[in-house]
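First the structure, in the form of structure tokens, and then the observations on it.
Bear in mind that the values in this text are calculations on the coordinates, not laboratory data. Note that the coordinates shown come from a computational prediction; the quantities given were computed from them, not determined experimentally. For neighbour counting, all protein chains shown are included, and Cβ atoms are generated from backbone atoms with ideal geometry for every residue, glycine included.
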Amino acid sequence: MDWGMSNRLAQLIQPDGHCFFMPIDHGYFQGPTHNLERPGDTVNQLLPYFDALFVTRGVLRSSIDPAITKPIILRVSGGTSVIGKDLANEGITTSVEEAIRLNVAAVGLSIFVGTEYERESLLNVANLVNECEKYGIPVMAVTAVGKELEKREARYLALCCRIAAELGARVVKTYWCENFDKVTNGCPVPVVMAGGPKCETELEVFEFVHDGMQKGAIGVNLGRNVWQNEHPVAVARALQAVIHENATPREAFDVFKSFKDAGE
Ligand code: 5RP
């Protein structure tokens, strides 16, 4: 692997082989998402706990301090909205030249396997990989399910992750599901987990992240369950403990509670 690609991946994946990516890209299709109305404020309080920020160029330029030392994963797909005809009909919104200008560590885009727009979204990955590999920029593929949350099951997600890896994605982001080892075992590149809509309890979040990591995920790209919680800093610190300190869900909950009780 070329030095530039290795260097960018090393910025994202920490020396323990694990990672905690913080996504704040939701506005690109759902507008001013709850607790992400002012993305800069959302991010600033969480900076000590995550390893990389997943964000669009618009929010990066308008809301994130360029002196930030965390690596950036640039969201480069879009073109649809929650009120539009079909969320799956995404195109590439941002050029590789722009990614280089913004000095990002990686780019990310969604794929929509099994939808009417499967072919376009998969060719988006392939074409983006063709361009990004020239410059040593890793591509993270996001296995999107749109509004069909019931698609979060092992057979479907394993299919999506494997296809993304076959097309050249260096990292794949997917959802946690029962029998998650079926997803990671069939995917030859690192897998990270998204959180999805906010869970009922914090313990539930720590449990699925812990389970997924035991079953081969290298970390998370998890947003709403952090910044939509009443105590985002406490959740972020507890997740950092699961991801980088091998904490059990119960130990993570104790971390959460001590931060919460301290007013975080
Ligand atoms: C939104 C995304 C998000 O990055 C991804 O879903 C992770 O965020 P969350 O944990 O809130 O689901 O791709 O399009």
Return the total of residues in region 47-76 being in a loop (DSSP other than H, G, I, E, B), touching a residue at least 40 places away in the same chain (Cβ under 8 Å) and within 13 Å of the ligand (Cβ to nearest atom).
2
Restricting the search to region 1-46, which residues are more than 12 Å from the ligand (Cβ to nearest atom), part of a loop (DSSP other than H, G, I, E, B) and touching a Ser or Thr at 6+ places or on another chain (Cβ under 9 Å)?
G31, R38
When you go through D261, D211 one by one, which is the residue that is more than 18 Å from the chain's Cα centre (by Cα) and either over 18 Å from F180 (Cα atoms) or of a type in the set (D, E, K, R) (or both)?
D261
How many of the residues making up region 91-140 are in contact with an Asp or Glu (Cβ under 8 Å, 6 or more places away or on another chain) and more than 23 Å from V189 (Cα to Cα)?
4
Restricting attention to region 98-134, the residues that are under 22 Å from I24 (Cα atoms) and without any contact (Cβ under 8 Å) to a residue 24 or more places away in the chain number exactly 1
Can you name the number of the only condition in (1) within 13 Å of the ligand (Cβ to nearest atom); (2) more than 22 Å from G91 (Cβ to Cβ); (3) in contact with a helix residue (DSSP H, G or I) (Cβ under 6 Å, 6 or more places away or on another chain) that V192 fails?
(3)
Report the residue count in region 97-127 for those that are within 17 Å of I72 (Cα to Cα), hydrophobic (A, V, I, L, M, F, W, C) and more than 14 Å from the chain's Cα centre (by Cα).
4
Name the one entry in G212, G216, G223 that is in contact with a strand residue (DSSP E or B) (Cβ under 6 Å, 6 or more places away or on another chain) and farther than 20 Å from D41 by Cβ.
G212
Just for region 196-207: of the residues that are within 11 Å of the ligand (Cβ to nearest atom) and out of contact with any strand residue (DSSP E or B) (no Cβ under 7 Å at 6 or more places or on another chain), which one is farthest from A247 (Cα to Cα)?
P197
Do any helices (runs of 4 or more DSSP H) lying entirely in region 83-187 carry at least 2 residues that are exposed (fewer than 15 other Cβ atoms within 10 Å of the Cβ) and of a type in the set (D, E), and which ones are they?
96-101
